[in-house]
1. Name the residue that is farthest from residue 161 (Cα to Cα), counting only residues in the range 71-92 that are touching a helix residue (DSSP H, G or I) at 6+ places or on another chain (Cβ under 6 Å) and assigned to a helix (DSSP H, G or I).
2. What about residue 238, is it within 21 Å of the chain's Cα centre (by Cα) and at pLDDT below 95?
3. Output the qualifying pairs, or none if there are none: Cβ atoms under 8 angstrom, residues six or more apart or on different chains, first residue in the range 46-65 and within 17 Å of residue 32 (Cβ to Cβ), second residue modelled with pLDDT of 95 or more and assigned to a loop (DSSP other than H, G, I, E, B).
4. Cβ contacts < 7 Å: first residue modelled with pLDDT under 65, restricted to the range 101-118; second residue assigned to a loop (DSSP other than H, G, I, E, B), any location; separation 6+ or different chain. Result?
5. Looking only at residues that are crowded, with 20+ Cβ neighbours inside 10 Å and at pLDDT 95 or above in the range 31-40, which one is nearest to residue 239 (Cα to Cα)?
6. Looking only at the range 43-61, which residues are surrounded by 16 or more Cβ atoms within 10 Å (Cβ to Cβ) and in a helix (DSSP H, G or I)?
């Protein structure tokens, strides 16, 4: 498939890599938001005691690491000393972010229903191009709100314009970096009082979404495309099973307590273990036996595809 990107191949690949990284961030933040939502739902906003401290500590640790990692990602994207993505844009790669776009019919196809209608097709194409042009102006305005400084070419970025964008991003993400440095990454190194606000998960989500918009605008201006992996929307999932598992561990304790204390030994044939901790060991042994029998040592031993399919009607 033809690429319409005006970026060089190296910069285009780097942009896609950064988009993929934001997908993983969005997945992590989505899980944390789902846990936060489920925890609020189950506790009804009441105080609670963590009965599974390792699970609670891992949850808090992941929240801290999302702040640390997102701050690091942002710094690596625009900071001068790190030689980030934006700082590496030179020459034609800077010009790739210019406002104007030469439209090609293959990139903005118009699908007509019915007999050929050249006049109607031209009208629709002009409308599509007008909508696209306005969207490009909005993206350009977010990246370069004060316009560009080139005297010879209007709306074509240069070093000063990209540097100005980086300076604004530094201000925009200052609260995230301050939280990371004072509360998360270097909290044991600081002797002076902490003055930075410790961000809520909702604040971190907003910073992530700002990163997504930044990459969306860069892709849109450089390739006139809005299709990319940054579109993963970080928001809580309703009745998320993984979130429910974490919340149950935190509030109720280990699985032995949850299963055996609540329901007693499983009603299984006498040949099968009854308590959860016994069934757990037997289950792992069964997984290893099936893995060994499959004769594929390179496969993960807990690959569910190795389990026999249930017999219909059984």
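The values are calculated or read from the model by the stated rules, or taken from the named source; none is laboratory data. Model, not experiment: these values are computed from the prediction. Virtual Cβ from ideal backbone geometry, glycine too; neighbours counted across all protein chains shown.
1. The qualifying residue farthest from residue 161 (Cα to Cα) is 71.
2. Answer is yes for this residue.
3. As it stands, the answer is none, since no pair meets every condition given.
4. 107/4; 107/224
5. Within the range 31-40, the subset crowded, with 20+ Cβ neighbours inside 10 Å is 31-35, 38.
Imposing the further condition that a residue be at pLDDT 95 or above reduces the set to 31-35.
Values: 31: 12, 32: 13, 33: 12, 34: 8, 35: 10 Å.
It comes out as 34.
6. Answer for the range 43-61, where residues must be surrounded by 16 or more Cβ atoms within 10 Å (Cβ to Cβ) and in a helix (DSSP H, G or I): 55, 56, 59.
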